Structures are given as C-alpha cells and as structure tokens.
Amino acid sequence: MVLAVIKLGGSVVTDKEKKGVFRREVAVAFFKQIKGMREVVLVHGGGSFGHPVALEYFRHGATIPLGISEIHRAMVELNSLIVDVALEQGVPVMPFPASSIFVAENGEIKECFLDPLRLSLKRGMVPLCYGDVVADSARGFSILSGDSIASALAVELGAEYLVYCIDKDGVLDEYGLPIRLLTNRDQIHKVRTIPDITGSIEGKVREALKAAKAGVKTFILNGLHPERLSMLLEGKEVIGTEVRWVG
Ligand code: IP8
C-alpha cells in the first residue's frame, strides 16, 4: 500500500488577508489532482477561517467554552466548503474533526483514536481531517495545527509520503529560492515567515522532521501548482523542499 498524507495549507485554500474568504478555484484545481489517487489521507489548515477566531479567543491565554465552539465552527465552515468541492470533483472525502480523534497534552498530541479513519480508508474513502481545538489533559483545550495532525497521521498510519502544500515553492532561503533539501542538521531560522496562532514555517519543518525521522518521505510543495503533487507521487523530481532526517 502506497499511502500519502497530504496537508492542504490554509494559506493555499483561503485568502489569509481577508477573513472567511475561500479560494474555490484553488480547491478545484487541488481536487482535480487528488481524484484518481488511491490511498490518500487529507488534512487542511485554518487559513482566514480558523485563525482569526482562534486569535480572538486565545489572545489572553485563556478560552471560554463558547470560544472553543466558535473556533470549531469556523473550521467546520471551511471544511464544508472543501467537502463541497471534493464531492463536485468526485473525491469521496470523509471528514474526521481532530477534536474527535485526538487528545493533546500541553499542545502536543498525546493520544489518537484512528480505527474509524483506518477502516474508512480501507473501504475506499478519502479521510479528511483538519486543524481544530482539541481537549488537552493539561490545559483544558489547545489548538492542534493541521501540520502536527498530518505528521502524526503519517507516522501512525505508516504512510510512504507526507506532503505539505503551502503557498510558496517550498521552504525559501534568504534570497526567496526554494531550499531543495532540509535536514535535522540545518538551521532554519533564516526562513522568511509570518507566524500565526499555530506557529510558522519553522513549526512546519519541526513537524515534518518527526515524520521524516520515522521514515516517511516528506516534502513541502507549492499547493498553487498541484500538478507538482501528482508528479512527486509518481516519483518525478519537482520544485519544492524535501525534509529528511539524517542520523
Ligand atoms: O492552519 C489551525 O490549523 P493550521 C487550526 O494547520 C485552527 O495551523 C483552529 C486555527
């Protein structure tokens, strides 16, 4: 089984500058590539849906139950727009909110309950998970990014590939060019990035390295060129960043 876990970044599928703006045409192009792929698990981020609401409620370091619901609802809203496009394109997605399958401890994934997801995958569905607010055994609730979810799923499910689709040609160097290969021995502090509630490109690379360490072939590609994703999974060389663990 050649399983790929693919994270569709919020920066790809939404306009991060404008609250609640979905980039439908980008999602259509993405799902045109996903259609026909056999073993795929998808994860999407929050973009201008989840992040502004999460920032509003987490700004003072505490949240109220109503805030948790609001953040989750913002993610459900984006998820349902994505599901609509997937179905239009003939991709049989099955949503798995992270809040229903993960428990965190101090913001890190502590436990996961993946049987329904595993079985759905086996039965030909395309599981679709997303960044979410999850119960946290130490803090009450915390925000789990799609990046950590994708990495954890890739490791737990024994995926061959983990691909992060972002709105750039990969992790960029100080000249704005994609770094072909990043390893655990590289310093990534020079990377240009705009942090949001769940971190930055550094956080993404940290998550990517966890999967790479577990033997998953891990890449960061431009989701605005989704044909690169298909080419990569066909074993071709594409523009992007490979994240590799070297012992
Ligand atoms: O965009 C964030 O997921 P991400 C999810 O993958 C929320 O970091 C709830 C803001």
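Side notes on the structure shown:
- Taken about its Cα centre, the stretch 4-244 carries a charge dipole of about 300 debye when Lys and Arg each add +1 at the Cβ and Asp and Glu each add -1 at the Cβ.
- Translational D in µm²/s for the stretch 4-244 (Stokes-Einstein at 10 °C, 1.306 mPa s, Kirkwood Rh from C-alpha pairs): 90 µm²/s
- For the chain, the residue among Ile109, Ala29, Ala214 whose Cα projects farthest onto the positive side of the dipole built from Cβ charges is Ala214.
- Label-point gap, in nm, between Thr183 and Glu156 - each point 7 angstrom along Cα→Cβ: 3.0 nm
- Only DSSP H runs of four or more residues enter the estimate; each adds -39500 (n - 2.57), and after division by the residues of the chain the mean residue ellipticity at 222 nm equals -11500 deg cm²/dmol.
- Under a Gaussian network description of the chain, with springs only between Cα atoms under 10 Å, the residue in Gly176, Gly146, Gly20 that fluctuates furthest is Gly176.
- Sorted by Cβ density within 10 Å, fewest first, the residues Tyr161, Tyr175: Tyr175, Tyr161
- Based on the convex hull around the alpha carbon atoms, the stretch 77-215 presents an average projected area of 9.5 nm².
- DSSP bridge orientation in the chain - percent antiparallel, rounded to nearest 5: 35 percent
- Sequence-separation-based contact order of the stretch 4-244, relative, with Cα cut under 8 Å and 6+ spacing, percent: 22 percent
- Selection from Ser137, Thr14, Val163 lying farthest towards where the dipole of the chain points positive, charges on Cβ: Val163
- His225, His72, His44, His51 arranged by Cβ crowding within 10 Å, fewest neighbours leading: His225, His72, His51, His44
The numbers here are math on the coordinates, done by the rules we state, and not lab data. Owing to the predicted nature of the structure, the values given are computational and were not obtained by experimental measurement. Backbone-built Cβ (ideal geometry, glycine too); neighbour counts: all protein chains shown.
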